[in-house]
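Since the structure comes first, as C-alpha coordinates, the remarks are kept for the end.
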Amino acid sequence: MQPHDNLLKLQEIDTIIDSKRHKKNNLEAQKELEKVQSDIAKLDSLEAKSNDTYKQRKQSQDRIESQITMLEQKMKKEQDRLYSGKVSNPKELGSIQEELKHFEKNKDGIENDLLEVMESVQEIEDMLNKIKARKEDLSKKSNELEGKVVEQTAAYDKEIEELLPKRDTQASKIDKSLLAQYDSLREELGGVAVAALIDGLCQGCHVQLPAQEADRIASSKELNKCPNCERILVP
(Lines give C-alpha, C1' and ligand atoms only; values in the text may rest on other atoms or scores of the structure.)
Protein backbone atom coordinates (compact mmCIF):
# COMPACT_ATOMS: atom_id res chain seq x y z
CA MET A 1 0.00 0.00 0.00
CA GLN A 2 1.35 3.44 -0.94
CA PRO A 3 1.77 5.93 1.97
CA HIS A 4 -1.00 8.18 0.71
CA ASP A 5 -3.47 5.33 0.24
CA ASN A 6 -4.26 5.65 3.94
CA LEU A 7 -5.28 9.25 3.28
CA LEU A 8 -7.66 8.17 0.54
CA LYS A 9 -9.23 5.56 2.83
CA LEU A 10 -9.60 8.18 5.57
CA GLN A 11 -11.22 10.51 3.06
CA GLU A 12 -13.68 7.78 2.09
CA ILE A 13 -14.68 7.32 5.73
CA ASP A 14 -14.96 11.08 6.30
CA THR A 15 -17.06 11.45 3.16
CA ILE A 16 -19.50 8.85 4.45
CA ILE A 17 -19.64 10.55 7.86
CA ASP A 18 -20.14 13.97 6.24
CA SER A 19 -22.91 12.57 4.06
CA LYS A 20 -24.73 11.14 7.07
CA ARG A 21 -24.35 14.40 8.97
CA HIS A 22 -25.69 16.33 5.99
CA LYS A 23 -28.69 14.01 5.72
CA LYS A 24 -29.25 14.26 9.47
CA ASN A 25 -29.25 18.07 9.25
CA ASN A 26 -31.51 18.15 6.18
CA LEU A 27 -34.25 15.68 7.05
CA GLU A 28 -37.38 15.98 4.94
CA ALA A 29 -39.39 15.34 8.10
CA GLN A 30 -37.69 18.33 9.73
CA LYS A 31 -38.55 20.56 6.77
CA GLU A 32 -42.16 19.35 6.90
CA LEU A 33 -42.22 19.94 10.66
CA GLU A 34 -40.98 23.51 10.25
CA LYS A 35 -43.66 24.14 7.60
CA VAL A 36 -46.38 22.73 9.87
CA GLN A 37 -45.13 24.79 12.81
CA SER A 38 -45.13 27.89 10.61
CA ASP A 39 -48.72 27.16 9.57
CA ILE A 40 -49.73 26.73 13.21
CA ALA A 41 -48.10 30.06 14.10
CA LYS A 42 -50.03 31.78 11.29
CA LEU A 43 -53.26 30.23 12.53
CA ASP A 44 -52.46 31.36 16.08
CA SER A 45 -52.08 34.92 14.79
CA LEU A 46 -55.29 34.72 12.78
CA GLU A 47 -57.12 33.22 15.75
CA ALA A 48 -55.95 36.03 18.04
CA LYS A 49 -57.10 38.71 15.57
CA SER A 50 -60.41 36.92 15.02
CA ASN A 51 -61.00 36.68 18.77
CA ASP A 52 -60.40 40.43 19.09
CA THR A 53 -62.87 41.09 16.28
CA TYR A 54 -65.33 38.65 17.85
CA LYS A 55 -65.20 40.51 21.18
CA GLN A 56 -65.80 43.82 19.41
CA ARG A 57 -68.76 42.41 17.49
CA LYS A 58 -70.24 40.88 20.64
CA GLN A 59 -69.90 44.23 22.41
CA SER A 60 -71.72 45.87 19.51
CA GLN A 61 -74.41 43.19 19.69
CA ASP A 62 -74.85 43.72 23.44
CA ARG A 63 -75.03 47.50 22.96
CA ILE A 64 -77.65 47.23 20.21
CA GLU A 65 -79.68 44.72 22.19
CA SER A 66 -79.62 47.14 25.14
CA GLN A 67 -80.83 49.93 22.85
CA ILE A 68 -83.71 47.73 21.68
CA THR A 69 -84.61 46.81 25.26
CA MET A 70 -84.66 50.47 26.30
CA LEU A 71 -86.73 51.37 23.24
CA GLU A 72 -89.22 48.58 23.96
CA GLN A 73 -89.55 49.82 27.51
CA LYS A 74 -90.33 53.32 26.24
CA MET A 75 -92.84 51.90 23.74
CA LYS A 76 -94.57 49.89 26.45
CA LYS A 77 -94.76 52.93 28.65
CA GLU A 78 -96.39 54.95 25.85
CA GLN A 79 -98.72 52.06 24.95
CA ASP A 80 -99.81 51.81 28.57
CA ARG A 81 -100.60 55.55 28.52
CA LEU A 82 -102.46 55.18 25.23
CA TYR A 83 -104.72 52.39 26.47
CA SER A 84 -104.96 53.33 30.14
CA GLY A 85 -107.99 55.58 29.60
CA LYS A 86 -106.27 58.33 31.54
CA VAL A 87 -105.52 60.32 28.40
CA SER A 88 -108.66 61.63 26.72
CA ASN A 89 -107.36 64.65 24.88
CA PRO A 90 -107.42 63.77 21.15
CA LYS A 91 -104.37 65.88 20.47
CA GLU A 92 -102.37 64.17 23.21
CA LEU A 93 -103.57 60.76 22.04
CA GLY A 94 -102.44 61.59 18.52
CA SER A 95 -99.08 62.69 19.84
CA ILE A 96 -98.64 59.35 21.65
CA GLN A 97 -99.55 57.45 18.50
CA GLU A 98 -97.04 59.45 16.45
CA GLU A 99 -94.39 58.80 19.11
CA LEU A 100 -95.13 55.08 18.96
CA LYS A 101 -94.75 55.11 15.15
CA HIS A 102 -91.44 56.90 15.55
CA PHE A 103 -90.27 54.33 18.11
CA GLU A 104 -91.34 51.49 15.83
CA LYS A 105 -89.45 52.95 12.90
CA ASN A 106 -86.31 53.37 15.01
CA LYS A 107 -86.70 49.86 16.34
CA ASP A 108 -86.86 48.43 12.80
CA GLY A 109 -83.63 50.22 11.89
CA ILE A 110 -81.84 49.09 15.04
CA GLU A 111 -83.05 45.50 14.58
CA ASN A 112 -81.60 45.52 11.05
CA ASP A 113 -78.30 46.69 12.53
CA LEU A 114 -78.55 43.90 15.10
CA LEU A 115 -79.18 41.32 12.40
CA GLU A 116 -76.06 42.40 10.50
CA VAL A 117 -73.94 42.25 13.64
CA MET A 118 -75.33 38.83 14.58
CA GLU A 119 -74.54 37.51 11.10
CA SER A 120 -71.01 38.88 11.44
CA VAL A 121 -70.65 37.24 14.86
CA GLN A 122 -71.80 33.93 13.42
CA GLU A 123 -69.33 34.18 10.55
CA ILE A 124 -66.47 34.77 12.99
CA GLU A 125 -67.62 31.88 15.18
CA ASP A 126 -67.66 29.59 12.13
CA MET A 127 -64.17 30.75 11.15
CA LEU A 128 -62.86 30.23 14.70
CA ASN A 129 -64.27 26.71 14.69
CA LYS A 130 -62.51 26.00 11.39
CA ILE A 131 -59.26 27.44 12.75
CA LYS A 132 -59.56 25.28 15.85
CA ALA A 133 -60.18 22.13 13.79
CA ARG A 134 -57.28 22.93 11.45
CA LYS A 135 -54.96 23.57 14.38
CA GLU A 136 -55.91 20.24 15.92
CA ASP A 137 -55.07 18.46 12.66
CA LEU A 138 -51.77 20.30 12.33
CA SER A 139 -50.86 19.69 15.97
CA LYS A 140 -51.40 15.98 15.45
CA LYS A 141 -49.24 16.06 12.32
CA SER A 142 -46.60 18.09 14.18
CA ASN A 143 -46.41 15.47 16.93
CA GLU A 144 -46.04 12.70 14.36
CA LEU A 145 -43.28 14.59 12.53
CA GLU A 146 -41.46 15.38 15.77
CA GLY A 147 -41.40 11.68 16.56
CA LYS A 148 -40.11 10.91 13.08
CA VAL A 149 -37.36 13.54 13.36
CA VAL A 150 -36.23 12.18 16.72
CA GLU A 151 -36.21 8.63 15.35
CA GLN A 152 -34.31 9.48 12.16
CA THR A 153 -31.84 11.74 13.97
CA ALA A 154 -31.09 9.00 16.48
CA ALA A 155 -30.54 6.51 13.64
CA TYR A 156 -28.01 8.79 11.92
CA ASP A 157 -26.30 9.54 15.23
CA LYS A 158 -25.89 5.83 15.82
CA GLU A 159 -24.45 5.25 12.35
CA ILE A 160 -22.02 8.15 12.76
CA GLU A 161 -21.01 6.96 16.23
CA GLU A 162 -20.24 3.52 14.83
CA LEU A 163 -18.02 5.05 12.13
CA LEU A 164 -15.96 7.29 14.43
CA PRO A 165 -13.78 4.50 15.92
CA LYS A 166 -13.07 3.29 12.39
CA ARG A 167 -12.14 6.84 11.46
CA ASP A 168 -9.83 7.16 14.48
CA THR A 169 -8.13 3.86 13.63
CA GLN A 170 -7.52 4.97 10.05
CA ALA A 171 -6.28 8.40 11.15
CA SER A 172 -3.77 6.78 13.51
CA LYS A 173 -2.02 5.25 10.49
CA ILE A 174 -1.16 8.69 9.10
CA ASP A 175 1.73 10.94 10.07
CA LYS A 176 0.51 13.73 12.36
CA SER A 177 1.84 16.57 10.18
CA LEU A 178 0.21 15.05 7.10
CA LEU A 179 -3.00 14.49 9.04
CA ALA A 180 -2.98 18.15 10.10
CA GLN A 181 -2.54 19.19 6.47
CA TYR A 182 -5.37 16.87 5.47
CA ASP A 183 -7.73 18.32 8.09
CA SER A 184 -6.84 21.86 7.02
CA LEU A 185 -7.52 21.07 3.37
CA ARG A 186 -10.82 19.42 4.25
CA GLU A 187 -11.93 22.63 5.93
CA GLU A 188 -10.83 24.74 2.97
CA LEU A 189 -12.18 22.50 0.22
CA GLY A 190 -15.65 21.62 1.40
CA GLY A 191 -14.75 18.38 3.16
CA VAL A 192 -12.81 16.70 0.34
CA ALA A 193 -9.04 16.99 0.75
CA VAL A 194 -7.94 13.85 -1.11
CA ALA A 195 -8.94 12.57 -4.53
CA ALA A 196 -7.97 9.57 -6.59
CA LEU A 197 -6.20 10.08 -9.91
CA ILE A 198 -7.74 7.66 -12.41
CA ASP A 199 -6.59 7.63 -16.04
CA GLY A 200 -5.18 11.10 -15.55
CA LEU A 201 -8.52 12.44 -14.32
CA CYS A 202 -8.74 14.10 -10.88
CA GLN A 203 -11.78 12.61 -9.16
CA GLY A 204 -12.08 15.72 -6.99
CA CYS A 205 -12.65 18.33 -9.66
CA HIS A 206 -12.94 16.05 -12.74
CA VAL A 207 -10.24 17.92 -14.64
CA GLN A 208 -8.01 15.93 -17.00
CA LEU A 209 -4.34 16.43 -16.21
CA PRO A 210 -1.74 16.60 -18.99
CA ALA A 211 -0.42 13.08 -19.71
CA GLN A 212 3.13 13.98 -18.66
CA GLU A 213 1.94 15.41 -15.32
CA ALA A 214 -0.35 12.43 -14.71
CA ASP A 215 2.52 10.00 -15.38
CA ARG A 216 4.83 11.92 -13.05
CA ILE A 217 2.31 11.82 -10.20
CA ALA A 218 1.58 8.14 -10.84
CA SER A 219 5.26 7.22 -10.44
CA SER A 220 5.99 9.67 -7.60
CA LYS A 221 6.16 8.74 -3.94
CA GLU A 222 5.95 12.39 -2.90
CA LEU A 223 2.83 14.31 -1.90
CA ASN A 224 1.22 15.70 -5.05
CA LYS A 225 -1.73 18.02 -5.46
CA CYS A 226 -4.09 18.62 -8.32
CA PRO A 227 -2.96 21.80 -10.11
CA ASN A 228 -6.60 22.77 -10.55
CA CYS A 229 -8.35 22.08 -7.22
CA GLU A 230 -5.33 21.76 -4.89
CA ARG A 231 -6.53 18.41 -3.50
CA ILE A 232 -4.00 15.73 -2.61
CA LEU A 233 -3.90 13.23 -5.46
CA VAL A 234 -3.56 9.49 -4.87
CA PRO A 235 -2.80 7.52 -8.04
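The values are calculated or read from the model by the stated rules, or taken from the named source; none is laboratory data. Treat the numbers as computed from the prediction; the structure is a model and nothing was measured. FYI the Cβ positions are ideal-geometry reconstructions off the backbone, even for glycines, and counts take in every protein chain you see.
Looking across region 24-53, the residues that are touching a helix residue (DSSP H, G or I) at 6+ places or on another chain (Cβ under 8 Å) and either within 20 Å of Glu144 (Cβ to Cβ) or not assigned by TED's automatic domain parsing to the domain that holds Ser139 (or both) come down to Lys24, Leu27, Ala29, Gln30, Glu32, Leu33, Val36, Gln37, Asp39, Ile40, Leu43, Asp44.
Within the group Arg231, Arg186, which residue is of a type in the set (Lys, Arg) and in contact (Cβ under 8 Å) with a residue 60 or more places away in the chain?
Details: Arg231 fails: in contact (Cβ under 8 Å) with a residue 60 or more places away in the chain.
Exactly one residue qualifies, and that residue is Arg186.
In the set (1) modelled with pLDDT of 90 or more; (2) within 30 Å of Leu114 (Cβ to Cβ), Ala41 fails one condition alone, (2).
Going through region 205-235 one residue at a time, which ones are of a type in the set (Val, Ile, Thr) and assigned to a loop (DSSP other than H, G, I, E, B)?
Narrowing region 205-235 to residues of a type in the set (Val, Ile, Thr): 207, 217, 232, 234.
Val207, the sole residue that qualifies.
Within region 115-129, is there a residue that is touching a helix residue (DSSP H, G or I) at 6+ places or on another chain (Cβ under 9 Å), in the same structural domain as Glu34 (by TED's automatic domain parsing), within 30 Å of His22 (Cα to Cα) and in a helix (DSSP H, G or I)? Checking region 115-129: not a single residue is touching a helix residue (DSSP H, G or I) at 6+ places or on another chain (Cβ under 9 Å), in the same structural domain as Glu34 (by TED's automatic domain parsing), within 30 Å of His22 (Cα to Cα) and in a helix (DSSP H, G or I). For the criterion of being at pLDDT below 95 and either farther than 23 Å from Asn143 by Cα or more than 49 Å from the chain's Cα centre (by Cα) (or both), Leu71 passes. Can you tell me how many residues in region 54-88 are out of contact with any helix residue (DSSP H, G or I) (no Cβ under 8 Å at 6 or more places or on another chain), over 16 Å from Val121 (Cβ atoms) and in a helix (DSSP H, G or I)? Of the residues in region 54-88, 7 are out of contact with any helix residue (DSSP H, G or I) (no Cβ under 8 Å at 6 or more places or on another chain), over 16 Å from Val121 (Cβ atoms) and in a helix (DSSP H, G or I).
For every residue, the table says whether it meets (1) of a type outside the set (Val, Ile, Thr); (2) more than 40 Å from the chain's Cα centre (by Cα); (3) modelled with pLDDT of 95 or more.
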{"position": "Arg186", "(1), (2), (3)": "yes, no, yes"}
{"position": "Val194", "(1), (2), (3)": "no, no, yes"}
{"position": "Val207", "(1), (2), (3)": "no, yes, yes"}
{"position": "Lys225", "(1), (2), (3)": "yes, yes, no"}
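Checking each residue of region 158-173 against the condition of being in a loop (DSSP other than H, G, I, E, B), modelled with pLDDT under 95 and surrounded by 16 or more Cβ atoms within 10 Å (Cβ to Cβ) gives no match.
Restrict the check to region 149-156 and report whether at least one residue is over 30 Å from Asn26 (Cβ atoms) and at pLDDT 95 or above. There is no residue in region 149-156 that is over 30 Å from Asn26 (Cβ atoms) and at pLDDT 95 or above. If you go through region 189-224 and keep only what is of a type in the set (D, E, K, R) and more than 11 Å from His4 (Cβ to Cβ), you end up with Asp199, Glu213, Asp215, Arg216.
Regarding region 28-38, can at least one residue be identified that is within 30 Å of Lys107 (Cα to Cα), assigned to a helix (DSSP H, G or I) and of a type in the set (A, V, I, L, M)? Outline the logic, then answer.
First, the residues of region 28-38 that are within 30 Å of Lys107 (Cα to Cα): none.
Checked region 28-38: no residue is within 30 Å of Lys107 (Cα to Cα), assigned to a helix (DSSP H, G or I) and of a type in the set (A, V, I, L, M).
Looking across region 175-192, just one residue is under 18 Å from Ser220 (Cβ atoms) and in a loop (DSSP other than H, G, I, E, B), and that is Asp175. Just checking, how many residues over region 59-75 are more than 14 Å from Asn106 (Cβ to Cβ) and crowded, with 16+ Cβ neighbours inside 10 Å? Matching residues across region 59-75 total 2. Scanning region 96-140 for residues that are more than 27 Å from Lys74 (Cα to Cα) and buried (at least 16 other Cβ atoms within 10 Å of the Cβ) yields Ser120, Val121, Ile124, Leu128, Ile131, Lys135, Leu138.
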